[in-house]
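Visitor: Handing you a structure now.
The values are calculated or read from the model by the stated rules, or taken from the named source; none is laboratory data. Computed from a predicted model, the values in this text were never measured in an experiment. Cβ sites come from the backbone with ideal geometry, for glycine too, and all protein chains shown count toward neighbours. Ligands, DNA and RNA are excluded from the accessible area calculation, which covers all protein heavy atoms including side chains. Shrake-Rupley method; radii C 1.70, N 1.55, O 1.52, S 1.80 Å.
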Amino acid sequence: MCAAILMLAACGNSDENTGGTTGSGEKTMQDAINSKDAVLLEIIDLESKVNSDTAFDRTRALRLFRVYQDYYNQHPKDTVAGNYLFEAANLAQKLDKNQRAIELFINFHDGFRNSDRCDDAVYNVAYIYDAKLNDKTKAAEYYNKVIEMYPQSMWAEQARGALQILNMTDEELIKFLKEKNS
């Protein structure tokens, strides 16, 4: 953490150094220095490390997952908090914390209705129920929500395709794919 603070402090105040963004694409290093927000500084530090890792570092990802949630809990009205909540949900999914990912995606969707990522959040809930938890009933429910709530989105198209094959047996799926590819 100290190294990150020193690195951030070395950035100075020049305009060219204030334009960089974190992996979430919102807060800059200069914003973090100016606000002296320890959680934000830690997010910036961890994101740079996670993004530069050649292999998935579970310990580092878990820490980033926690600080994303900490930031959201400390600053729920901050515009970037929603992005961090979404990123926490993505990380929870990667960390096989599937129930937690579902909760976070739903919280994101319900709390940030104006976001252009709401359709993505609902689709991810459906996908987790489908692919990770093998709960076809819940998966169908959420795939249908994507279609109903966001009919023009690319995720609605994906949901339609997923619903088409959701309850197929392996044999039916193979036959379907062969017919589709012929």
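Visitor: Suppose we filter Ile106, Ile147 for residues that are at pLDDT 95 or above, touching a helix residue (DSSP H, G or I) at 6+ places or on another chain (Cβ under 6 Å) and surrounded by 14 or more Cβ atoms within 10 Å (Cβ to Cβ); which single one remains?
Guide: Matching residue, one of Ile106, Ile147: Ile147.
Visitor: I'd like to verify a number: residues in segment 142-182 that are of a type outside the set (Val, Ile, Thr) and within 20 Å of Lys132 (Cβ to Cβ), how many?
Guide: Of segment 142-182, the ones of a type outside the set (Val, Ile, Thr) are 142-145, 148-164, 166-168, 170-173, 175-182.
Of the ones still in play, those that are also within 20 Å of Lys132 (Cβ to Cβ) are 142-145, 155, 158-159, 161-164, 166-168, 170, 173.
Residues flagged as of a type outside the set (Val, Ile, Thr) and within 20 Å of Lys132 (Cβ to Cβ) within segment 142-182 amount to 16.
Visitor: Looking at (1) open to solvent by less than 60 Å² (accessible area, probe 1.4 Å); (2) closer than 28 Å to Gly161 by Cβ, can you tell me which one Ile43 breaks?
Guide: Looking at each condition in turn, Ile43 falls short on (2).
Visitor: To continue, here is another question. So, in segment 112-144, exactly how many residues are in a helix (DSSP H, G or I), open to solvent by 30 Å² or more (accessible area, probe 1.4 Å) and among the hydrophobic types (A, V, I, L, M, F, W, C)?
Guide: 1
Visitor: On to the next question. I'm trying to understand the selection: among the residues of segment 152-170, which are of a type outside the set (Lys, Arg) and open to solvent by 60 Å² or more (accessible area, probe 1.4 Å)?
Guide: Taking segment 152-170 and keeping what is of a type outside the set (Lys, Arg), we get 152-159, 161-170.
Residues satisfying the conditions are Gln152, Met154, Glu157, Gln158, Gln164, Ile165, Asn167, Thr169, Asp170.
Visitor: What number goes with the only condition from (1) modelled with pLDDT under 95; (2) touching an Asp or Glu at 6+ places or on another chain (Cβ under 6 Å) that Glu171 does not pass?
Guide: (2)
Visitor: For segment 73-94, give me the residue count where each residue is under 22 Å from Tyr127 (Cβ atoms) and either in contact with a helix residue (DSSP H, G or I) (Cβ under 6 Å, 6 or more places away or on another chain) or surrounded by 16 or more Cβ atoms within 10 Å (Cβ to Cβ) (or both).
Guide: At the first step, the residues of segment 73-94 found to be under 22 Å from Tyr127 (Cβ atoms) are 82-94.
This time we only want the ones that are either in contact with a helix residue (DSSP H, G or I) (Cβ under 6 Å, 6 or more places away or on another chain) or surrounded by 16 or more Cβ atoms within 10 Å (Cβ to Cβ) (or both), so: 82-93.
Residues flagged as under 22 Å from Tyr127 (Cβ atoms) and either in contact with a helix residue (DSSP H, G or I) (Cβ under 6 Å, 6 or more places away or on another chain) or surrounded by 16 or more Cβ atoms within 10 Å (Cβ to Cβ) (or both) within segment 73-94 amount to 12.
Visitor: Further question: State all residues of segment 78-111 that are closer than 13 Å to Ile128 by Cβ and not in a helix (DSSP H, G or I); if no residue qualifies, say none.
Guide: Of everything in segment 78-111, those that are closer than 13 Å to Ile128 by Cβ and not in a helix (DSSP H, G or I) turn out to be Leu95, Asp96, Lys97.
Visitor: Give just the number: which of (1) without any contact (Cβ under 8 Å) to a residue 24 or more places away in the chain; (2) out of contact with any Asp or Glu (no Cβ under 8 Å at 6 or more places or on another chain); (3) more than 21 Å from Gln69 (Cα to Cα) does Ile106 not satisfy?
Guide: (3)
Visitor: Also: Filter segment 56-88 down to residues that are free of Cβ contacts under 8 Å to residues at least 12 places away in the same chain and of a type in the set (Lys, Arg) and give me whichever is farthest from Asn107 (Cα to Cα).
Guide: Among those that are free of Cβ contacts under 8 Å to residues at least 12 places away in the same chain and of a type in the set (Lys, Arg), it is Arg66.
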